[in-house]
Structure formats: C-alpha cells, structure tokens
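The values are calculated or read from the model by the stated rules, or taken from the named source; none is laboratory data. In this text the structure is predicted, and so the values were computed from the model without any measurement. Cβ coordinates were reconstructed from backbone atoms using ideal geometry, including for glycine residues, and neighbour counts include every protein chain displayed. Remember, those area values only see protein heavy atoms, side chains included, never the ligands or the DNA or RNA. Shrake-Rupley method; radii C 1.70, N 1.55, O 1.52, S 1.80 Å.
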Amino acid sequence: MTKRTLIAALVVALLVGYTATGALAETAADSKQVAMDTGWVLLAGVLVMFMQAGFAMLTAGFSRSKNACNMLMKNLMDFCFGTIAFWAIGFGLMFGAGNLLFGTSGFFLQDTGNTFASLDWSIVPLECKYFFQLVFCATAATIVAGSMAERTKFSAYIFYSIAITAIIYPIVGHWVWGGGWLAKIGMWDFAGSTVVHSTGGWLALSGAVMLGPRSGKYNRDGTSNAFPGHSIPLAALGTFILWFGWFGFNPGSTMALVPEIAHIAATTNIAGAAGGIAAMITAWWWFKKPDVSMALNGVLGGLVGVTASCAFVSIGSAIWIGIVAGILVVLSVIFFDQVLNIDDPVGAIAVHAVCGTWGTFALGLFAQDKFAPGTTGNGLFFGGGWKLLGAQCLGIVSVFAWAMATGFLLFWMIKHLVGLRVSREEELRGLDIDEHGMEAYYGFQIFTTE
Amino acid sequence: MTKRTLIAALVVALLVGYTATGALAETAADSKQVAMDTGWVLLAGVLVMFMQAGFAMLTAGFSRSKNACNMLMKNLMDFCFGTIAFWAIGFGLMFGAGNLLFGTSGFFLQDTGNTFASLDWSIVPLECKYFFQLVFCATAATIVAGSMAERTKFSAYIFYSIAITAIIYPIVGHWVWGGGWLAKIGMWDFAGSTVVHSTGGWLALSGAVMLGPRSGKYNRDGTSNAFPGHSIPLAALGTFILWFGWFGFNPGSTMALVPEIAHIAATTNIAGAAGGIAAMITAWWWFKKPDVSMALNGVLGGLVGVTASCAFVSIGSAIWIGIVAGILVVLSVIFFDQVLNIDDPVGAIAVHAVCGTWGTFALGLFAQDKFAPGTTGNGLFFGGGWKLLGAQCLGIVSVFAWAMATGFLLFWMIKHLVGLRVSREEELRGLDIDEHGMEAYYGFQIFTTE
Amino acid sequence: MTKRTLIAALVVALLVGYTATGALAETAADSKQVAMDTGWVLLAGVLVMFMQAGFAMLTAGFSRSKNACNMLMKNLMDFCFGTIAFWAIGFGLMFGAGNLLFGTSGFFLQDTGNTFASLDWSIVPLECKYFFQLVFCATAATIVAGSMAERTKFSAYIFYSIAITAIIYPIVGHWVWGGGWLAKIGMWDFAGSTVVHSTGGWLALSGAVMLGPRSGKYNRDGTSNAFPGHSIPLAALGTFILWFGWFGFNPGSTMALVPEIAHIAATTNIAGAAGGIAAMITAWWWFKKPDVSMALNGVLGGLVGVTASCAFVSIGSAIWIGIVAGILVVLSVIFFDQVLNIDDPVGAIAVHAVCGTWGTFALGLFAQDKFAPGTTGNGLFFGGGWKLLGAQCLGIVSVFAWAMATGFLLFWMIKHLVGLRVSREEELRGLDIDEHGMEAYYGFQIFTTE
C-alpha cells in the first residue's frame, strides 16, 4: 500500500467516521427528541384533561343544588362520549387529508402514511396528537353544558355532545388547524380562542336561545331574577383547576418541548390575572361590590382572550388583552341577561364566545413578528397593517356563522326527535331527581347552626 | 518523524478522537437520559400521589356526612404511614434481592450495589423508584378504606394500613414485579390491575366480610336499604382526580420517558370512557335512570380494567376491555349488595377486585406482541393460544388466595387485639364525633332555602 | 501537493471536523438542555401555582361558611395582583442587579444583558424564572390571608397583598436568593422555609396582632372558644393539593432537570408524612382524640420544615425534621391561641412561621455535604460545627425582624388609610354579604335528613 493510498483510505475513514458519528448521534438525538416532546405534550394534555374537573366544579357550583348531579354527569359523559366520537370520526374530519372544508380520511386513527400531513410539524406519535386534540375537543363540548344548565334533558345532552365532538368542532378545527381554508387565508389562532372557545360559546348561545330561560328567571317587564349558584367554593375550585389546566392548554399547543413555552406561560398567566382584576373592578363599579362570580369569570375571560395570541404577543400586550376581556365578561353577562334576556346560568357565552372573539381579534392588533418569526407577522398596533386583522375577522365571522347555523339545526333536530327541555315540573323539582333518580347532597346533616 | 509514523499517529488520533467523541457524547447523553427519565417518572408519581386526594374525595363523598372526617383522615394517614412503612420494610420486601416469594434485603433503601437488580431495567435513581412504587402501594392500601367505611375503628385502620403497606402488598408486588415466581411463570401485569387493584380489592372484601354490614343496611328478608353518599360533587371531583392521576399510573409505569407513553395514555383514557358509558347504560337499563354513582364507578372500573394491559393492547381492544369492566361494575355492585349482602359503601370491591381481575384476564385475551415485542406475546384472540391466559389465571387465583388469607388473618388479629368495629351507638352518631371529636361541617349555615 | 501538505491538510481537516462535530453537538445539546430544563421548571411552577387552589380550599374550609366567599376571593386576588406587582417591581427588587439589600434594576423584566446575573446559574428563559419565582411570591402573600381570616376588610387585603408581593417578600428574597447579604454570609434556604414560609408567617403574625381576635373568640378569663371550620372536606382537599404542589415547590427549586430531584421529592414527601403522624399523635395525647385539623396542619408543618433543607439532608434526617415540625405545629397552635390569645383561624403562624423557622434551623443541624457537594457543608450533627447553624440563626432573626417591622408598619398604615378591620356587625353577619354582596351557599337545599 502506498502512502497515498493509505492517506486516501484515511480520508475515507475520516469522512465515514465523521458521518457515522453524526448520523448515529442524530438518530439517537431524534428519538430522544420524540420522547421529550411526547412527555411534554402528554403532560400538557393531561393538564387540559383535568379542566373537565374544572368545568364540572364550576358549572355545578354555579347551579342550584337540585341540579348539581346533572351538571356533573354531563361533564363526565361528554368526555366519555367525546373520547370515542373524536377517535372514530372527529380526528379524521379535523386533521385527515381531505379538502379545504374537512378531512376525508384518518377515521379510527387509520394512518396510511400521509393521512395526517397537517400535523407533520409535530414529531410526537399519532396517539399523542389524538389525545392532545381530544382534550381540546372535549373542552369545546363542555362549554355548551354551562349555558344550557338546569333545564336540558340528559338524553338530549348525549346527542348534542356526540354531534359536537364528532362533527361540528372538528370541521372548524380543520379550517384553522387542519390545513383548511382559514389557515390558507392567513388566520391565526394559536391555542383556540376561536377554534375551541368561540365555537363552544356560540353553540352555547344557540342552545340557550333554543331552550329559552329557566322558569321564573325573567319577569314580564324584562327584569331578571338572580338564581345564585349553590356553592361558590366549588365554583372557585373549578376556576383554579381551569387556570391550572390552561398551562397545558396554551404552552402545550407548541406540540413540542421548546423554550418558548415559558413566554406562552407568562402571557397566559398575566392575562388571566389582568382579566380577574379588571372584572372585579368593573363589577365593583357596576354592582357596588367586588362580586366573586364576576372575578372568577374575569380570570377565565382573560385566559380565553389570550389563548389565540399567547405565543405572538408581549407580556404588556397580554395585560391589555386580559383587561379588555375582564371588562367584556362583566358587560356581556349583563347584556345577555338584562338586555337580551338570554339565560346563561354560568356565563359561558360571555366568557367563551365574547372573550374568544375578542382574543382572536386582539391577535390582529397585538401580534409581533419577533415572538414567532415567520408566522403571524406584525398586527395593526405594531405596524403590520390591516391584512392580519382582516383574516382574523373573517375567521371570527365564519366560525360564528358555522357554529350558530349548525347549533340551531342540531338543537332543532334534537327538540323534534327526543325533546330538548325537561318539563316545568321536573325543572322545579330539580333535574337530579327526575333525570338521575338521586340527590347531590342526600341526608346532608347539620349538627349545629350558630 | 517519517510520514509513515505521522500517518500512524494520525490514525491513532483519529480513532482516539472518534472514540472519545463517542464516549463523551454517550456519557453526556446518558446523564441527560437519566435526568429526563427521572423528570418523567417523578411527575408521573406525583400524579399518582394526587390520587390520594381522589380517593379521599370519592370515599368521603360516597359516605354520610357524619363519617366524612373519618374517611378523610384515613386517606391522609394511610399515605403518611405507608410512606414510612414502605421505605423501612415494604420496598425491600418487594424489590430487594431475595427468593421467589419475597425480597430479603434493601430495607430502609440500603443498596449494596446489586440489591435492587429487579429494577435495573429503569435507569432513574433509587429514590425515584421508591417514590413511584410508594404511591402505588398507598393506592392499594387506600382502596380498603372504601369497603370498610363508616364502621371501622380508626386505631384498627392504622394497624391494617401499616400491615398492608409494609408486608401484604409488597409480597404480591415481589411475585409479579420484583422477579418473583409469577414473573418467572410468565404472568404480565403492566401497571397493576392485579398487583395494586385486585390486591386492594380482595383485602377490601375480606375486611367488609369480617366487619359485617352497617347498622340498618340489610333487612331481615335480605333486601338492602340505600345509604346514599352525602356529596356527589365531592365524589365526582374524586373520580376526575383519579382519572387525572391514572395518566401517571399507567404511562408512568414505563419508568422511562419513551414515546410508547402516548399509546398507553390513549388506551387508558378510552377504556375509562368506555367503562363510564357502559356502566351508565347498564344502570339505565337496570335502575331505569342513568345513575351518577354508577357512571363514576364505571369510569374507574374501565381504568382499573385496562391497567394490566394498557401497553400491550390496541385502542379497539381497550374499548372492549372498558365496556366489559363498566358492565361488570354495575352487576358486581348489585351482586355483592343484594345477593351476598356484603356491605361495601363505595363499591370498592366491584371496581378494584372485580375489574382488576377482569383486566388481568383480558390481557390474556387481547395482548398483541407488536405493541411491546418480546414481552407478552399474543393473547388468545390474536392467535397466541392459551399459555398466556393460563399464566394470567394463575396470577389471579394466587393473588386472590394470598390477599383473602392474609386479609382474614390480619383483620382477625386486629379484632382480637384492638377491636375492628366501633360500637353501634358510635356508628349511629357518626364516627367523626366519637373517633375524632369533630364534625365535618360544623355550624354550616343555610341562609335561604327555596 | 506534497504528501506532507496533504497530511497537514488532513490533520487540519480532522481537527476542524472533530471540533465542528463537538461544537454542533454541544449547541444542539445545549438548546435541548434549555428546553428540558424549561419544561421541568415550568411544570414545577404550574404545580406550585395550583397551591393557590390548595390555600383557597384550606382557608375557606377552616373558616365559617359566612366568610367562605371572602376567603376564596382573597386567594384569587392576591395571585392576580401578585402576578402584576411581581412582574412590575418585585422580580427586579429580588433578582435584579443592585446592592446587598435589594435589586435596583430589572423592573418589568427589562434585561440589559447582565441584569439578572443572580439567576445565571439556571439556563431557563427569563420568563420561566419569573413565573417560577412568582408562584413562590404568591404563596408568601396567601399565607397571610389565613391568620387574618374572617375580620379583615377586602380593600385592606388588596393593599397589603400588593405591598407584600411588590416589596416586602422580594427584599427578603434578594437577601437569600438574589445575591444579598444573607447569601454572602453563608445562610442556606433551598426552597424557602424562611424566604417564603417564615416571611409569610411572621407577616401573618403581625397582621393577627394588629387586627385582634375575632369577636367572641376569647373570654374575659383568657380561655378560648373554638370556631371550627365549616368544611373539613374542603380543608382536606386543600391539604392534598398543597402536598401535591410541594412536589413542584421543592424539587423544582433546582431550576434544572437533574436526577437530584428524586432525592428532594423523597425527603419532602417523608417529612410531610412524618409531620402528619407526629401531629396526630401529639393531638391524640393532648386532646384525647386524633384531630383531623391538626393532622392536616401537621403534614403542612412537615413540608414547610423540610423545605429549606430537602436537597441537603438524608431521608432519615427528613423524618426527624418532619416529626419535630408536626409536634411544633400542635404546640404552637395551642400556645398562640391559649397562652398569647392571638387568634389565627387556620393555624398559619404555627405552620408557616414556626415550622419555617424550625426548618431553617434544622438545616444547620442535619445538612450533609455529600448531598450537594460544595454548598452547605455539614451541619452540626454531622461534624460541621456551629458556623452553618450560626448563619441560619442570623437569617432567621433578621427575616423575623424585617417581616415583623414591615408588617406592623404596613398594617398600621392601612389601618389609618382605608381601615383594616370590618365592623362588629359585619363580622357577625359574615363578610360574604357585606364585602361581596353574596353567599357562599345560596339556597342550599336539604332534601332529607336522617
């Protein structure tokens, strides 16, 4: 062997060795990255799953005790039915390959290799994507239970929660997150102010309108009687659980373990805080007292509001988004109740529909390219012009139209097929007895009263 | 230096460099892997620890308010005593080197290098393994409190929770997870349908039998009086917390951060959902109403059922496992109550013993080698024949025999040493007053009733 | 090209290649490490954030139902105001570059590159550090609400929670964690027995003294009347949530994903368990019954006690720290109540001030260098002499002096500016009605009593 040959061999060895080291390291690193991302997204999804407990406590607490079992059962069952329906149908409609309106493949998680290209940007396993998206879907369904509380038949609830998780929500999701037409147009909704919250909120509105108010809620002159919730501690617990879960909802929507989750957590948290303060002050000014229910809903409104833009805005902007959301919650609750006489026992429409809409709009105002270069670009307040805001408005309007239209159709169908509302007698007696044959607080003993 | 020498030196440098790079990268990667796995297993363990809150809320909610403090205190204290007992004795008996029946070393976490070889498959630190296994052990202990609710002396409870966490549970654990005889025979139980839930459930059965029913529970003709729980909201909250915690229980049982946790989370969740639906429908058919308690227990039954096989079965199989578990819960509650007149206030035997048994059996039917190659192999329904099913049945029977025998012995000893049951007067007055000198809801004020 | 040149080029290529591989791998690894650490610290922070729910449930449960809304609202609002105040002012005072007493830069998270050098030891993004430190700050503020429960004006509460989160707590934090004088002196407090818990606890003491006891609490002869909490289930839930959150509080204080979190979790958990057992036994001996409230507070006392030293002590030492803390809780509650007649409705002073002090002192006794080489060194019991213990005592005394002085000044100012205490009439009617215009359990229906 000549030296030249030896050297050539050495060069080859060097290159091979170098490449091999790199490739091996890359493969190992990639598989580690998949595991890391899976751990993060799964834990985030688990936090969001726990929001079901939050909604259960919140809506049960804001209801009267005679309907508490019913509220709990609805929250439990929409997650149960949603888990199956979203696996069988919803996930395929939302993320499966299809057209600009809906997916046409991927039902039962069947993946033929390229079925879920719309989610290829995340490297976590398909079942992790399914789980994470499922808990979002279930959130949208659960929202509806709130506005329709205390008067909806349980069998009707099962029908509509299946319809929402299998069809209505996934189609909106496809538009924005599944490569559908709103995504193409340039509408952005990072974690679902519109996709999850407005969709749920507008469905809640259509349901509340179709049902009509609870017996005795409104007087002939249009004035409203307060039906306070039976347990503010449960409602407060629910709000804390929801806030806790939101740290999965928003930061988890990266679907990857990246340092940016810190920024998202910070904007999310501060918007919730600002929303709580703003709602408390607004309520203090309007009702002359710092109402606890309003403060709780204000926190939720702030969190809903920042959900669309949490990855794209500064902490300062997040505060403004939260403040406006907190004010909007109080004014919307008053507006829907006292002006429109639409009876929403827990304030779901104000929190989710109104603040979801505000949050989607606010993204068009406050987004800054620097937080996620190459995504939203700058919003109106940061020199980005009207284009982004226009796309956001189109998204808001089209989701409103879709959710209201399908909501009315769905509730109309249910009304004529199985009935939507319990009888007046049952409503007065409470749904727990007639729908479920039980009481929430059987034989509750009071030993002493002082 | 000749060129030849130079080249030779270069080759050596190359090889050394290459190896060194690899070794360094490997060491760094390994230490990172340890940190990642530790983070995952610890967080999973923390979720499981929170299940103590779930059991506390569930069992307090399903009890009468006069015994609520007692239930809460038992849940708190079995975790306190279990933490110490499992550290001092249980962990060594379960995982320490020993024989096929129990470990004989590793008490107080003393590790002489090869003491815990049965857990060498996980690279997390020993204290992480201890913590993760502890929270499982405490779960088994807590289950027992449910079936023995509302009539067991608090001092008796302390004795038996120490005995369970120090000895009875760890020995079962050694058989299956600590390299004991059931592991050798080829029985599989991924996250503890048998090890945790059936063990706890059969102990709960032996305790309920030894105690006898609550005063007034059964009439002379064998018919049963309902003693409904005093707070369904607490029970529902407990169920949601347990479901939440199960995402630590099952996916965390990988004891490593691997992408497979996504599959495990998906099967776990869908089995719980299917269990809830199946139990609701079964109860609707039997009781003519969709009973909330049954739906809650159905979710738990589905989760217990899939715990053994969550890593080895498809999502479709998990649904079937959940459905059967949900039906079994309702039928078992009725069977134990109305046929055998065994009084189990919260349904712990139905949920944990029956569904744990079903889940362990179902692994032998539904397991598929492809989900974890080289572990269970295929179950009966997937062409694997009867061998796996046979091993599962042997596991089921032997754990039943062990738990029932030690349970009866333990409760018999406690009965004769400190007494097992409170007096009839104390039972009627409630355990809170006499055992703890307090009330769960002192001076609860009702301002208005409508 | 001569062979020599070729070989030289090859050497260069080799070295460049080698270095490049290393550098690339290092960069990738570093960015992964940042992501991993961020994921861990963020999730830990989220667990700590959830402790707000724990405090809310604990303090509401231990209060009378007529003040429950007020307690919930305070817990909610101090986190809302704290989020803003700590972002704007507190974080800069605590960690911004400045002097040995406080930071003078970094307000509104403005970072000019070297502003937050005191936190450079952690590689997570600044916003992650802010979030993690914020939830600690909010914990200190929330503690105060407990001792001042059932008689403090809501507007006063807002003022003092802002003052604590913006100024009082951050300055203590600067001394110990922000490179201040106590850190220089060699005082150690791993996760905040003193920084968080004693600070909160001494402020709670100053507040309780300034307010005076609740109407009717003490008789003329100095004997005390019990005002039991209205919901032990809520209090127990709160305790479980706090225990759950402590797994973020202590292990998360590594601010990095390292295997040592396992040791910290194990010491934390076992100290809580030992505290619960010790308090139960102490209460059993003193009151003749195993009081549930005392057991709950004992767990918390144990957790507070081990917070300073969880990373530096053995499991065995952690048990001793927990046992002493559990005993101290019971004796302190009795001492403050019956000897000093200082009215602390939830036992916040005993749990946080006393056990925080004990824990800080205990670090000087039980620390072992081997658990974190190059930090604390050995404590007195492990041959380290008195130096560490001296520094700990100096820290204890100076934080006591600071918190008591600023606390009295603050509450004196509030008293004269907006008033600190509600009127006697309002107190008797309950704060919920007059402060918030609502009831915690409106129209709570009792269907049956047996």
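Per-structure values
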read-out	value
Any hit, the range C:410-424, residues being in contact (Cβ under 8 Å) with a residue 24 or more places away in the chain, within 14 Å of chain A (Cβ to nearest Cβ) and within 25 Å of C:Val333 (Cα to Cα)	yes
Qualifying residues in the range C:20-58 (those that are at pLDDT below 95 and hydroxyl-bearing (Ser, Thr, Tyr)) - the one farthest from A:Pro290 (Cα to Cα)	C:Thr21
Criterion (more than 8 Å from chain A (Cβ to nearest Cβ) and at pLDDT 95 or above) met by exactly one of B:Gly305, B:Gly276, B:Gly222	B:Gly305
Qualifying residue in the range B:432-444 (condition: of a type outside the set (Asp, Glu), surrounded by fewer than 22 Cβ atoms within 10 Å (Cβ to Cβ) and away from chain C (no Cβ under 14 Å))	no
Count - residues of the range C:186-204 that are farther than 13 Å from C:Ile396 by Cα and surrounded by fewer than 24 Cβ atoms within 10 Å (Cβ to Cβ)	0
Qualifying residue in the range A:153-161 (condition: outside any loop (DSSP other than H, G, I, E, B), more than 23 Å from A:Ile349 (Cα to Cα) and within 14 Å of another protein chain (Cβ to nearest Cβ))	no
Qualifying residue in the range C:290-307 (condition: open to solvent by 10 Å² or more (accessible area, probe 1.4 Å), acidic (Asp, Glu), farther than 30 Å from C:Asn225 by Cβ and over 23 Å from the mean Cα position of the chain (by Cα))	no
Any hit, the range C:182-194, residues being basic (Lys, Arg) and not in a helix (DSSP H, G or I)	no
Subset tally (residues that are open to solvent by less than 10 Å² (accessible area, probe 1.4 Å) and either β-branched (Val, Ile, Thr) or in contact with an Asp or Glu (Cβ under 9 Å, 6 or more places away or on another chain) (or both)) for the range B:312-328	3
Unmet requirement for C:Thr112, which otherwise passes all of (1) in a helix (DSSP H, G or I); (2) of a type in the set (Val, Ile, Thr); (3) more than 24 Å from A:Val258 (Cβ to Cβ)	(1)
Lone qualifier among C:Met57, C:Met94, C:Met71, C:Met49 - being more than 14 Å from chain A (Cβ to nearest Cβ) and crowded, with 24+ Cβ neighbours inside 10 Å	C:Met94
Set C:Ser206, C:Ser231: member being on the phi < 0 side of the Ramachandran plot, touching a residue at least 12 places away in the same chain (Cβ under 8 Å) and more than 14 Å from chain B (Cβ to nearest Cβ)	C:Ser206
Candidates A:Pro233, A:Pro213, filtered to the one that is within 30 Å of A:Tyr441 (Cα to Cα) and either open to solvent by 20 Å² or more (accessible area, probe 1.4 Å) or not in a helix (DSSP H, G or I) (or both)	A:Pro213
Residues of the range B:329-346 satisfying the condition of being open to solvent by less than 50 Å² (accessible area, probe 1.4 Å) and part of a helix (DSSP H, G or I)	B:Val329, B:Val330, B:Ser332, B:Val333, B:Ile334, B:Phe336, B:Asp337
Unmet criterion (only one of (1) within 14 Å of chain B (Cβ to nearest Cβ); (2) of a type outside the set (D, E, K, R); (3) in contact with a Gly (Cβ under 7 Å, 6 or more places away or on another chain)) for A:Leu428	(3)
Positions within the range C:287-302 being under 22 Å from C:Leu365 (Cβ atoms) and more than 10 Å from chain B (Cβ to nearest Cβ), in sequence order	C:Leu300, C:Gly301
Filter result for B:Thr357 (in a helix (DSSP H, G or I), polar (S, T, N, Q) and in contact with a Leu (Cβ under 8 Å, 6 or more places away or on another chain))	no
Checklist (1) open to solvent by less than 60 Å² (accessible area, probe 1.4 Å); (2) farther than 30 Å from A:Ala318 by Cβ; (3) within 14 Å of another protein chain (Cβ to nearest Cβ) applied to A:Phe371, failing item	(2)
Where C:Val397 falls short, out of the listed (1) in contact (Cβ under 8 Å) with a residue 40 or more places away in the chain; (2) β-branched (Val, Ile, Thr); (3) closer than 14 Å to C:Leu182 by Cβ	(1)
Any hit, the range A:353-362, residues being farther than 27 Å from A:Glu260 by Cβ, surrounded by 21 or more Cβ atoms within 10 Å (Cβ to Cβ) and in contact with a helix residue (DSSP H, G or I) (Cβ under 8 Å, 6 or more places away or on another chain)	yes
Test set (1) within 30 Å of B:Pro251 (Cβ to Cβ); (2) assigned to a helix (DSSP H, G or I) - B:Gly384 fails condition number	(2)
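To keep it simple, each residue is scored yes or no on (1) of a type in the set (Lys, Arg); (2) open to solvent by less than 20 Å² (accessible area, probe 1.4 Å); (3) more than 14 Å from chain A (Cβ to nearest Cβ); (4) part of a loop (DSSP other than H, G, I, E, B).
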{"site": "C:Leu76", "(1), (2), (3), (4)": "no, yes, no, no"}
{"site": "C:Cys80", "(1), (2), (3), (4)": "no, yes, no, no"}
{"site": "C:Thr83", "(1), (2), (3), (4)": "no, yes, no, no"}
{"site": "C:Phe86", "(1), (2), (3), (4)": "no, yes, no, no"}
{"site": "C:Leu101", "(1), (2), (3), (4)": "no, no, yes, yes"}
{"site": "C:Trp121", "(1), (2), (3), (4)": "no, no, yes, yes"}
{"site": "C:Glu127", "(1), (2), (3), (4)": "no, no, no, no"}
{"site": "C:Tyr130", "(1), (2), (3), (4)": "no, yes, no, no"}
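Table: residues versus (1) open to solvent by 10 Å² or more (accessible area, probe 1.4 Å); (2) on the phi < 0 side of the Ramachandran plot; (3) among the small types (Gly, Ala, Ser).
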position	(1), (2), (3)
C:Gly90	no, yes, yes
C:Ser105	yes, yes, yes
C:Gln110	yes, yes, no
C:Glu150	no, no, no
C:Phe154	no, yes, no
C:Ile164	no, yes, no
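Table: residues versus (1) surrounded by fewer than 24 Cβ atoms within 10 Å (Cβ to Cβ); (2) within 7 Å of chain A (Cβ to nearest Cβ); (3) closer than 21 Å to B:Ile315 by Cα.
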site: B:Phe249; (1), (2), (3): no, no, yes
site: B:Glu260; (1), (2), (3): yes, no, yes
site: B:Thr267; (1), (2), (3): no, no, yes
site: B:Gly272; (1), (2), (3): no, no, yes
site: B:Trp285; (1), (2), (3): yes, no, no
